[in-house]
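Worksheet: one structure, shown below.
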Amino acid sequence: MEELDGEPTVTLIPGVNSKKKQMCFDWGPGEMLVWETSLNHKEKSEAVPSCPFIYVIRKDVDVHSQILRKLFNESHGIFVGLQRLEEEFTGKSRKAQLVRVSKNYRSVIRACMEEMHQVAIAAKDPASGRQFSSQVSILSAMELIWNLCEILFIEVAPAGPLLLHLLDWVRLHVCEVDSLSAEVLGSENPSKHKSFWNLVTILVLQGRLDEARQMLSKEADVAPASADMCRILGDLMRTMPILSPGNSQTLTELELKWQHWHEECERHLQDGTFAASPHLESLCKIMLGDEAAMLEHRELLSNWYHFLVTRLLYSQPTVKPIDLHFYAQSSLDLFLGSESSPEPLDNILMAAFEFDIHQVIKECSIALSNWWFVAHLTDLLDHCRLLQSHNLYIALSNWWFVAHLTDLLDHCRLLQSHNLYFGSNMREFLLLEYASGLFAHHSLWQLGVDYFDYCPELGRVSLELHIERIPLNTEQKALKVLRICEQRQMTEQVRSICKILAMKAVRNNRLGSALSWSIRAKDAAFATLVSDRFLRDYCERGCFSDLDLIDNLGPAMMLSDRLTFLGKYREFHRLYGDKRFIDAASLLLSLMTSQIAPRSFWMTLLTDALPLLEQKQVIFSVEQTYELMRCLEDLTSGRRTCGEPSAQQLQDDDIETTKVEMLRLALARNLARAILREGSVEGS
């Protein structure tokens with residue numbers, strides 16, 4: 001098995017003395033129960049303080065955040081839409097659609113981040129405020145990483161446009177300049193504001209040269225001595241060649257123009273044009289790509305990747321994607337120096353600049369607190385077809401090497417699984433982890449179903465395992481789960497859920513609901529059990545409950561013999577109520593002679609025959625009467641020979657004895673009347 005990159009994080013349980021006590025635990029879906037115990041029985045007599053609490057340790061705590069739930073819900077729709085649109089992607093429109101999907105994901109992250117920021121400001125509890133601020137930082141880092149991956153892996157911007165995208169990236173994520181600009185311009189005399197030159201410098205560092213020229217014009221208006229210098233530097237800013245989106249010039253033309261412009265800037269600096277103004281001279285040095293001049297404003301740059309983009313803007317405007325990692329690594333080293341070490345975010349961004357997609361995903365999995373980011377980013381990159389080939393074409397320009405090596409690796413089955421011990425590819429592995437986390441929440445589990453659906457290898461198996469563990473607290477929730485299982489032909493899960501609901505209904509004495517669920521589960525044994533309960537209730541109360549259900553069983557009554565009997569017995573009562581006595585008598589007799597009726601219920605059936613035997617009209621024929629007499633004798637003799645307690649009770653109980661005598665008398669009378677009637681019919 002692959003070795004761990006580092007030691008796992010130790011989670012301390014508050015109030016537990018680990019030196020004297022040990023911990024017990026029990027795994028659950030998405031969480032673990034932990035409590036203190038003592039396995040040394042000899043020390044029971046010692047009065048050692050113990051922890052009376054049971055702790056719940058959750059793997060994915062972010063799913064319980066109200067604000068982050070919006071992130072999960074909104075991104076779910078984007079994810080499902082991406083899977084459905086996959087078949088429609090063709091040619092050039094494919095890239096545009098994927099970029100649009102990526103921007104949709106980023107807009108959801110930003111909206112969630114802004115809402116979290118407002119909550120952090122409004123928080124009254126300092127601890128809560130710090131927690132929300134920490135979440136804002138995490139969401140900001142997520143958008144920063146996603147935006148960079150969008151530029152490098154999805155847009156796949158070539159030399160020239162690449163720098164424009166990186167400038168937009170920095171401007172979007174280093175946004176303190178906007179508040180500073182509002183503060184300076186809102187003052188009575190902007191050029192005299194203490195932060196005026198800081199603002200101009202930041203604008204130059206971000207390549208916002210038009211805004212910087214406007215600020216310099218304000219300085220020229222109030223300081224005639226520096227007006228010429230401001231005009232010259234403003235002209236240099238205006239004439240700086242940069243590849244605009246609608247411009248048709250080639251990179252060679254751009255490089256020539258940029259070289260001439262660079263030489264002009266250097267000539268002004270050498271001639272001492274800006275010597276009288278240290279601020280303007282510093283700006284000119286920055287525009288010449290002087291790294292020392294840039295690093296003098298380290299606090300305005302705020303981070304190394306801002307320094308990287310500024311450095312590229314003024315020294316390598318046509319940088320190629322393949323060279324990015326060289327400049328990124330040197331910018332990181334120069335900016336941090338030898339005193340500080342890179343943070344996890346730095347490592348992630350550096351991996352992206354190196355075009356190492358798998359390292360980006362790995363670092364994000366370690367650094368971020370949930371699986372949302374890596375699951376959705378990996379899925380999007382997989383749709384961009386970047387995970388299959390390991391992106392060898394980015395590092396190499398020789399297609400022969402890439403084609404033949406990839407073919408060989410594919411035959412070795414190394415490109416499909418990425419050597420994951422989980423048994424599926426990287427995309428599926430991360431989606432399964434994310435969906436498992438969603439199933440730990442009482443309502444977000446419904447989103448997890450769709451993520452499992454789009455995991456072709458292990459998604460269905462995982463869904464079956466997780467859906468069985470959903471607590472069915474309400475019937476409404478159970479119906480949702482049941483609908484999901486039925487839509488996916490998950491027969492065993494449907495039966496299991498129906499049986500659980502049927503059992504709950506039986507415990508609550510809701511026999512109609514219990515019977516309905518057992519029929520839906522096609523569980524003959526449980527349907528028999530519920531039917532017996534119906535019959536027992538009838539014996540005790542003399543009437544049936546849930547008549548609508550029993551009257552409309554239809555073909556479902558064939559599920560079990562007992563259920564068939566229940567339906568037919570109810571039909572007997574209906575025929576009797578409609579005064580269709582002959583049909584009722586035939587049905588009653590067939591229930592007994594076909595052995596479908598439970599023997600314990602025979603006495604009830606024979607008692608039901610009494611009113612028919614006492615009718616003025618002869619209902620039972622001679623043959624039918626003999627059958628009833630045989631059944632009565634079988635019942636009474638069987639009870640005597642078996643010696644069962646119920647048989648003894650029948651002999652000892654006066655009521656049962658009276659019933660038997662009344663039945664025998666009624667049967668004898670009916671037999672006589674039937675013989676006379678049939679004899680007279682034959683004689684005539």
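The values are calculated or read from the model by the stated rules, or taken from the named source; none is laboratory data. These numbers were taken from a predicted model, which means no experiment stands behind them. Cβ atoms come from the backbone with ideal geometry, glycine included; neighbour counts cover every protein chain shown.
Here the helices (runs of 4 or more DSSP H) wholly within the range 425-503 that include at least 3 residues being of a type in the set (Phe, Trp, Tyr) and surrounded by 15 or more Cβ atoms within 10 Å (Cβ to Cβ) are 445-453. Just checking, does the range 642-653 include any residue being at positive phi, loosely packed, with under 11 Cβ neighbours inside 10 Å and at pLDDT below 75? Among the residues of the range 642-653, at least one is at positive phi, loosely packed, with under 11 Cβ neighbours inside 10 Å and at pLDDT below 75, which makes the answer yes. Within the set 513, 518, the sole residue that is modelled with pLDDT under 80 and in contact with a Phe, Trp or Tyr (Cβ under 6 Å, 6 or more places away or on another chain) turns out to be 518.
Within the range 124-146, the presence of a residue that is outside any helix (DSSP H, G or I) and assigned by TED's automatic domain parsing to the domain that holds residue 279 is excluded. Within this structure, residue 544 fails the test of being within 18 Å of residue 501 (Cβ to Cβ) and modelled with pLDDT under 75. Condition check: modelled with pLDDT of 75 or more and basic (Lys, Arg). Does residue 570 satisfy that? So residue 570 fits the description; yes.
Which members of the range 566-575 meet the condition of being without any contact (Cβ under 8 Å) to a residue 24 or more places away in the chain and either in the same structural domain as residue 620 (by TED's automatic domain parsing) or among the aliphatic types (A, V, I, L, M) (or both)? Hit for the range 566-575 is 575, nothing else. Is there a residue in the range 258-281 that is among the charged types (D, E, K, R) and under 54 Å from the mean Cα position of the chain (by Cα)? Within the range 258-281 (the criterion being among the charged types (D, E, K, R) and under 54 Å from the mean Cα position of the chain (by Cα)), the answer is no, since none of the residues qualifies. Among helices (runs of 4 or more DSSP H) entirely within the range 339-402, having at least 2 residues that are in the same structural domain as residue 131 (by TED's automatic domain parsing), of a type outside the set (A, V, I, L, M) and at pLDDT 85 or above singles out 344-353, 357-367, 372-383. For the range 149-183, what are the residues that are outside any helix (DSSP H, G or I) and of a type in the set (A, V, I, L, M)? Scanning the range 149-183 gives 156, 157, 159, 174.
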